[in-house]
Protein chains: 2
Amino acid sequence: MTRFIDVDVHERAALEDLLPYLDPVWHKYITQYGWIPDRFLPYSQPTAGGLDRADAKPDGVRPGGSDLGLLREQLLDEYDVEQAILTGWLNASSMQEGWTEFKTALMSAYNDWQLEHWVEQDERLFGSVHVNAWDPEAAAREIDRMASHPRIVQVMLYIGDQAFGAPRYHPIFEAAARHDLVVGIHHSENSPTALGRHRYFVEWHTLVPQVFMSQAVSLIFNGVFDRFPDLRVILIEGGFTYVPHLIWTADQQYKELRHEVPWVKRTPGRIIREQLRFASQPTVEMTGAQLETLIGQMGSDELVCFSTDYPHWDFDSPHEALPPGLPEDLTRKIFLDNARATYRRLPVPVA
Amino acid sequence: MTRFIDVDVHERAALEDLLPYLDPVWHKYITQYGWIPDRFLPYSQPTAGGLDRADAKPDGVRPGGSDLGLLREQLLDEYDVEQAILTGWLNASSMQEGWTEFKTALMSAYNDWQLEHWVEQDERLFGSVHVNAWDPEAAAREIDRMASHPRIVQVMLYIGDQAFGAPRYHPIFEAAARHDLVVGIHHSENSPTALGRHRYFVEWHTLVPQVFMSQAVSLIFNGVFDRFPDLRVILIEGGFTYVPHLIWTADQQYKELRHEVPWVKRTPGRIIREQLRFASQPTVEMTGAQLETLIGQMGSDELVCFSTDYPHWDFDSPHEALPPGLPEDLTRKIFLDNARATYRRLPVPVA
């Protein structure tokens, strides 16, 4: 099969791992206060490994993604991955606003830990700058700091209840565009839905794509893509079956109501095709013909980038995620070319 | 063109109109307290008539839908409507829980007013029972009371922040099924989205379909359709371009997580095809071939029922809402047959 770029691979730190990278003034939050990231998900996850693949937990206990050796064995070597983009854990943007200064410092520590323990340990791995979007100016400074590392290719924003199109977030997008970094907007355990906390995990998990539509609509109609025409944003871990609906609906509303947002100079569909991308996982089972039709409805076959979401419970195997019988050209775009065109800082490996 | 059944036509009362139908104990809420329905929409609507068609406001001042003569002129006669289903205004289910007893009484008054001033004034008009879902037992009693009128065909639930799949709402669905009434779940000014109140009306309006997906998912996974296999539900004023995405996603999650909801005995896609319907408005511009493809992705051409949403600003004209070149059989199903199969209490007009 085609080698591939995996645009969603989660590495994970224990909080204690970050202490050597964290200004001592903040240590007490971890060593004394027992700080833990707030998670609003009320469900017992109905899977054997919780939100992880059971077999991806080192010693059967530690969280998936804590061990580089296991990542190599289960992903990088198992599937002959060409390059993988790390998307991390513990993103402050998805949490509540409290202790903002601590979280900003923690993100810097996380970024340095990520470089040393992952990115610089395997030439196939590339990193993301984690930032605290509650403090956009500090986030932009952190992006500037990390962008000097050639193996950082992305700025990560995990989804909480902030709509990222608001002007206060402009410094983040501006900094990303300045350094040719993709902005990855990623699902989180705090992803909201229109009717809040449904009664069952299967309900919430079915509705996760909503907040990706919300973020796309927020960025588009608030003019973020018009302001930063070189910006590329990728929506990660929401799948892509919603994209035709999003384009149809947003284009129709734009036709009827664009006088309300005169700074939006292109149709939403055109903005999406030019500047927005979608990581494939979680895929749904469909035939090759159905997938070709769906991609045809998007108006471009360059929008979907393959991702496994290793080590999570609903990991997509590259052997099974795409239906058999898909044209070779389209397969290659989804597995390789679309990610390469999106992440322009990724080096082309020497054969 | 084909005659049609319009499944979404809004009639509207002034609060004072309801006093003769309301127990005097509640009059003071209207005559002294200045009660008004709570509306959480923060936008100045960027259209000449607000949320109404400017030309549908009697005298240019009163709200659209307040005048039967104008409704006849602009809709029933203008387009040769065969039958129209009234969907009303002022539905307590979309508001906050406060003053529940008053709202329950107000819904009864509204229903009686609707019968006298609309349903019994024109043989083309059929009515809905408005209920206050915050008091499901009282709502069921109101459904029992109104169902004896042969021209009532539906129970109306406007969308607020309640997910209607929860067991406390079972009495409403049970009463509807008992009387062969369709349950219409309708968009409201209080329709929530995953990221709350976006900055612009065009954002919120683009995202309105989210809460319909949320309601469908809530009803499906909480087993409402399994418990009431004769129940039909129609989602009104959210369009239908999201339906393939909803089916794909819900079916995939069902495959992976159905052990969490063992009372759900059919795939979500099958449940949708057997028991859920979608009013067409607001339609989006697409070619006939695109619409046929989209309907093919739903797995049934019996799911979409035509609606105009008269008298609102984004009224869909039956002359323009469907693309030219659609097969005659499909056009007839959307305009007529699908609604007739759904609303089984609608009489077939004598030729």
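The values are calculated or read from the model by the stated rules, or taken from the named source; none is laboratory data. Just so we're clear, the structure is a prediction, and the values are computed from it rather than from any experiment. Because the Cβ atoms are built from the backbone with ideal geometry, glycine has one as well, and the counts that use them run over all protein chains shown. Just so you know, the surface numbers come from the protein's heavy atoms only, side chains and all, with ligands and any DNA or RNA stripped out. Shrake-Rupley method; radii C 1.70, N 1.55, O 1.52, S 1.80 Å.
Okay, here's what the table says:
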quantity	calculated
Label point at A:Tyr33 placed 7 Å out along Cα→Cβ; residues across segment A:129-143 whose backbone nitrogen lies under 18 Å	A:132-135
Quotient of C-alpha Rg and 2.2 N^0.38 Å, computed over segment B:224-266	1.35
Inter-probe distance in nm under a simple model that places probes 7 Å from Cα toward Cβ, at A:Arg270 and B:Glu256	3.6
Distance histogram for segment A:234-351 (every C-alpha pair counted, 5 angstrom bins, percent rounded to whole numbers)	2, 11, 19, 22, 17, 13, 8, 5, 2, 0, 0
Cα gyration tensor category, rounded, prolate or oblate, for segment B:4-54 with a/c compared to 1.5	oblate
Neighbour cut-off at most 14 other Cβ (10 Å), DSSP loop, GluC sites (Glu not before Pro), segment A:288-340	A:Glu320
At 1.002 mPa s and 20 °C, Stokes D of segment A:120-239 from Kirkwood alpha-carbon radius, µm² per second	143
Segment B:80-101 versus segment A:39-81: alpha-carbon centroid distance in Å	49
Extension reserve of the A:Asp80-A:Val25 stretch, reckoned as 0.36 nm per residue once the Cα distance is removed	15.5 nm
Whether chain A is rounded, prolate or oblate, judged on the alpha carbon gyration tensor where a/c under 1.5 counts as rounded	rounded
Label geometry 7 Å along the beta-carbon vector: B:Asp77 inter-copy distances in nm	8.3
Solvent-accessible area buried by pairing B with A, both sides, nearest 100 square angstrom, 1.4 angstrom probe	4800
Dmax and Rg, reported as Rg then Dmax, of the protein assembly as shown (C-alpha, Å)	26.5, 86
Dimensionless Rg over Rh [segment A:69-172; C-alpha; Kirkwood]	1.01
11 Å beta-carbon shell around B:Pro323, net charge (K/R +1, D/E -1)	-3
Sites B:Arg145 and B:Val348, calculated FRET efficiency, Cβ-Cβ separation with R0 25 Å, nearest 0.05	0.45
Across the identical copies, how the A:Ala54 labels are spaced - nm, sorted shortest first, 7 Å along Cα→Cβ	6.5
Loop-resident sites, segment B:298-350, for trypsin sites (Lys or Arg not before Pro), counting at most 14 other Cβ within 10 Å (DSSP)	B:Arg344
Ellipticity estimate at 222 nm from DSSP helix runs (n ≥ 4, -39,500 (n - 2.57)) divided over chain B, nearest 500	-9000 deg cm²/dmol
B:Asp55 paired with A:Asp122, simple spin-label distance in nm, labels 7 Å along Cα-to-beta-carbon	6.6
Lysine pair count for the protein assembly as shown [Cα-Cα under 19 Å; pairs on different chains or 8 or more apart]	4
Debye-sum result for segment B:25-75 in log10 I(q)/I(0), which assumes one identical scatterer on each alpha carbon, at q = 0.22, 0.26, 0.27, 0.30 Å⁻¹	-0.88, -0.93, -0.95, -1.03
Over segment A:1-104 - Rg/Rh using Cα atoms and the Kirkwood inverse-distance radius	1.02
Loop-resident sites, segment B:210-274, for chymotrypsin sites (Phe, Trp or Tyr not before Pro), counting at most 14 other Cβ within 10 Å (DSSP)	B:Trp263
Charge dipole (debye, nearest 20) of the protein assembly as shown; +1 at Cβ of Lys and Arg, -1 at Cβ of Asp and Glu	300
Pseudo-label separations to other copies for B:Pro42 - Cα-to-Cβ vector, 7 Å, nm	2.5
For segment B:250-264 versus segment A:244-288, the gap between their alpha-carbon centres in whole angstrom	29
Kirkwood hydrodynamic radius over Cα pairs of segment A:157-312, then Stokes diffusion coefficient at 4 °C and 1.567 mPa s, in µm²/s	80
